[in-house]
Amino acid sequence: MRAVSLDVRRGEVVGLLGANGAGKTTLIKMMLGLVRPDAGEVMLLGQPGTDPLSRLRVGYLPELFRYQPWLNADEVLKLHGRLAHTKQSADDRLKLLSMVGLHDRAVDRVGDFSKGMQQRLGLAVALVGEPALIVLDEPTSALDPLGRVEVRDLVLKLRERGVAVLLNSHLIGEVERVCDRVVILDHGRVVASGTLAELLGQRKVTLRLDNVTEPAHERLRTLGLVEREQDKYTVAMPDTSVDGRAGADNFDSADAEVSRLVTDLVQLGVHVYGVERSRISLEDRLLGILRAGADSDTSTDEAS
């Protein structure tokens, strides 16, 4: 790692992105005291990361984990509650299992669980003790599409409760939908960070229109600057998120804004022939950064 600096605030989801070997998992292990940094300082919830007490309210789902196959799901949560010095009742454990879709498997042996079910149990373990910070390393890697949606909804609920979430995932679409900020690592250093709006630019919508009257022009201008090329009108959409936040609600809000715009234009007598929303994807942005870094490394090697 080289001069990596980042923070995760309460009620915020921060995504870690980067190629294999970029340093994402190593960074997480440093945060959690599993690997000692050569220099710098880790602070967890206002305390030095070297202090074991700083990790009492930190939940962690590692990328690779195994639970004792002879225990059932309830016993796994009971064990980790004891390890975390957390008082929990049977009802508390059942609520955790319900949150991850395992409420009917509480007394089933973990050794009989599928990989996806074990992943869900790992999420429940990470939530033991109502942590203020949760670190998730590839939390949806073994889940089917429905399971990924459920994890996404769970992360958003944790954010609403004021929990800080650090999410490491190769599923860029998931990161784009739930993360407030994104940090991109490459060869052990931060090469880009910021909200999606900062990293990807503002959303735009291009409409093919005819019979655009002055009132219709005024309606288009309510969204900001209007660019025209023949029958194509491009307007910048307002940021519907809060403090640049992502999330399914904000995607829905943007869609609703476009729908209202089209409805108003039609009512003003405009003929609408096409609507296209655009913005560079997070995947394209990530690939562009990593390719630029690879080209830079190649140039340095050739120069030396």
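The values are calculated or read from the model by the stated rules, or taken from the named source; none is laboratory data. Since the model is a prediction, treat every value here as computed from it, not as a measurement. Counting neighbours? That spans all protein chains shown, and the Cβs are built from the backbone with ideal geometry, glycine included. The area values use the complete protein model at the heavy-atom level, side chains included, leaving out ligands, DNA and RNA. Shrake-Rupley method; radii C 1.70, N 1.55, O 1.52, S 1.80 Å.
Side notes on the structure shown:
- Arg10 meets each of the listed conditions (1) open to solvent by less than 90 Å² (accessible area, probe 1.4 Å); (2) in contact with a Gly (Cβ under 6 Å, 6 or more places away or on another chain); (3) within 20 Å of Val163 (Cα to Cα) apart from (1).
- Residue list for the range 15-48, filter: touching a Ser or Thr at 6+ places or on another chain (Cβ under 9 Å), open to solvent by less than 60 Å² (accessible area, probe 1.4 Å) and either among the aromatic types (Phe, Trp, Tyr) or under 27 Å from Leu156 (Cβ atoms) (or both): Gly15, Leu16, Leu17, Val42, Leu44
- For the criterion of being of a type in the set (A, V, I, L, M), surrounded by 19 or more Cβ atoms within 10 Å (Cβ to Cβ), modelled with pLDDT of 90 or more and in a helix (DSSP H, G or I), Leu97 passes.
- Candidates Ser54, Ser114 - the one that is over 24 Å from Lys157 (Cα atoms) and open to solvent by less than 70 Å² (accessible area, probe 1.4 Å): Ser114
- Of the residues Tyr67, Tyr60, the single one that is in contact with a Pro (Cβ under 9 Å, 6 or more places away or on another chain) and either outside any helix (DSSP H, G or I) or of a type outside the set (Lys, Arg) (or both) is Tyr60.
- The range 163-186 - residue that is open to solvent by 30 Å² or more (accessible area, probe 1.4 Å) and part of a loop (DSSP other than H, G, I, E, B) and, of those, nearest to Lys29 (Cα to Cα): His170
- Residue list for the range 40-69, filter: farther than 17 Å from Pro131 by Cα and acidic (Asp, Glu): Glu41, Glu63
- Members of the range 128-151 found to be closer than 13 Å to Val165 by Cα, surrounded by 22 or more Cβ atoms within 10 Å (Cβ to Cβ) and under 17 Å from the mean Cα position of the chain (by Cα), listed by number: Ile134, Val135, Leu136, Asp137, Pro139, Val151
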